[in-house]
Amino acid sequence: MNDVTTPGSVFSLHYLRAFSLFCIGLVTLCLSSSGYGQDPLPSWNEGATKTAIIAFVTAVTDKDGNDYVKPSERIATFDNDGTLWVEYPMYTQMLFAFDRVKELAPLHPEWKTKQPFKAVLEDDMKTLSASGMKGVMEIMMATHSGMSSTEFSEQAGNWLRNTQQPRFKRPYAECVYQPQLELLGFLRSNGFKTFIVSGGGIAFMRPITEKAYGIPTEQVVGSSVVLEYQIKDGKPALIRMPKIDFIDDKAGKPVGIQKHIGRRPILAFGNSDSDMQMVEYTTSGSGKRLGLFVHHTDAVREYAYDRKSHIGKLDKALDVAKANGWIIVNMKKDWKQIFPWKE
């Protein structure tokens, strides 16, 4: 057989190459238009963090791979404050409680001279801080109980949707992180069930989680007060009592996960030492696991805080993350965009 290239064969070769390139381009166009091949996390910068997240999801959803996890066990849990929405310079729920004190003050004239309410009414944060956890709990019980669960839900939802975060001039319900919204969507599109597991009040978060994050109320785990069934105005109601039922924080988070979800997550995402137990519980299970923490490093676009912060302290988790295989997400480095709106 001769290896002689004739003019006709050269023409045919060029034709075949051109046709092949056309076909490849057509396939690429079809894949892009149908949603395949698109960047699932466009607000995340390219790098080791983004690569690790996508690789994890790919591994646990590959039916032919060794790390495959069936859909019923693809559970992902996210802290809320500082992980899904802004928590600095003060927890959102505390600000809601302060506003409630001022709103209810006309019904409680004794608060003008009684601490810690007097400090709230006078915006005296130094005295309020000195009251410690005892003072905080007194404020929370006074503002979060005595009404029906429906009434409280309406109060919290209206406040979150209409009260602006001072720095960003946006309602608190909109001060959510765009990269996390993309991650939640990416996980759900790959058969994950996404949950919030937060130290915040379960009833405080639920009014806005479905619209803000696509997470329905039944997939929200949080702290709670005792509820009591009563007949109010001739109708059955669940009344919020001035007594703590459960604190879903630190070691309470794995307990809350077991009580509400009943499955150990394979992915957990937090932002502070208060989330360590949830991440430990998640990553200590068998099979492929992923633990992540948001590190607030961007004082220009959001806030920068960690080891010495009075809010969302990230200290011990930073020290042990590498040894435990946890990923520290550097907000300034890893997030191309922070909020849904353009910064």
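The values are calculated or read from the model by the stated rules, or taken from the named source; none is laboratory data. Note that the structure is predicted; figures quoted are calculated from it, not measured. Cβ sites come from the backbone with ideal geometry, for glycine too, and all protein chains shown count toward neighbours. The accessibility values were calculated without ligands, DNA or RNA, using every heavy atom of the protein model including side chains. Shrake-Rupley method; radii C 1.70, N 1.55, O 1.52, S 1.80 Å.
Residues whose amide H comes within less than 5 Å of that of Trp335, counting only those at least five positions distant or on another chain, are Asn45 (H built at 1.01 Å from N in the peptide plane). Computed 3J(HN,Hα) for the range 109-121, one whole-Hz value per residue from the Karplus formula 6.51 cos²θ - 1.76 cosθ + 1.60 where θ = phi - 60°, is x, 5, 5, 4, 10, 9, 7, x, 5, 4, 5, 5, 5, glycine and proline marked x.
Applied to the range 88-101, the Karplus parametrisation 6.51 cos²θ - 1.76 cosθ + 1.60 on θ = phi - 60° returns per-residue 3J(HN,Hα) values of 9, x, 8, 4, 4, 5, 5, 5, 4, 5, 4, 5, 5, 4 Hz, with x for Gly and Pro.
Once backbone amide H atoms are built at 1.01 Å from N, Asn271 has Val294 as its partners under 5 Å, excluding neighbours fewer than 5 places away on the same chain.
Counting pairwise Cα distances across the range 258-336, what percent come out greater than 22 angstrom? Result: 27 percent of Cα pairs exceed 22 Å. Candidate cross-link partners of Lys253 among the lysines, defined by an alpha-carbon separation under 28 Å and a same-chain spacing of 8 or more, comprise Lys50, Lys70, Lys134, Lys193, Lys211, Lys243, Lys288, Lys308, Lys313, Lys316, Lys322, Lys332. When each of the peptides 183-191, 271-279, 98-106 is scored by the mean number of other C-beta atoms lying within 10 Å of its residues, the order from highest to lowest reads 271-279, 183-191, 98-106.
Taken over the Cα atoms of the chain, the convex hull encloses 194 Å³ per residue.
Rounded to the nearest 10 degrees, the angle from helix 48-61 to the longest Cα principal axis of the chain is 80 degrees. Taking every DSSP bridge with both residues inside the chain, close to 40 percent are antiparallel.
Assign unit charges at the C-beta atoms only (+1 for Lys and Arg, -1 for Asp and Glu), then state the dipole size of the chain relative to its Cα centre in Debye, rounded to the nearest 20.
The dipole of the chain has a size of about 140 debye.
Return one number: the angle in degrees, 0 to 90 and rounded to the nearest 10, between the long axis of the Cα atoms of helix 149-162 and the longest principal axis of the Cα atoms of the chain. Helix 149-162 sits roughly 60 degrees off the main axis of the chain.
Ranking Phe98, Thr113, Gly82 by Cα position along the charge dipole of the range 62-122, where only Lys, Arg, Asp and Glu carry charges on their C-beta atoms, puts Thr113 farthest toward the positive end.
When the accessible area of the range 28-157 is computed with all protein chains present and a 1.4 Å probe, what percentage of it is carbon and sulfur? Roughly 57 percent, rounded to a whole number. Here the 3J(HN,Hα) profile of the range 280-287, calculated from phi with Karplus coefficients 6.51, -1.76 and 1.60 at θ = phi - 60°, is 4, 4, 5, 7, 8, x, 6, x Hz, Gly and Pro shown as x. A 1.4 Å probe run over the protein chains yields, for the chain, 52 Å² of accessible area per residue, whole-number rounding. Here the accessible area of the range 244-343 is 48 percent carbon and sulfur, with a 1.4 angstrom probe and all protein chains present. Remark: the range 43-148 is approximated by an ellipsoid whose semi-axes, taken from the C-alpha gyration tensor as √(5λ), come to 47, 16, 10 Å, largest first.
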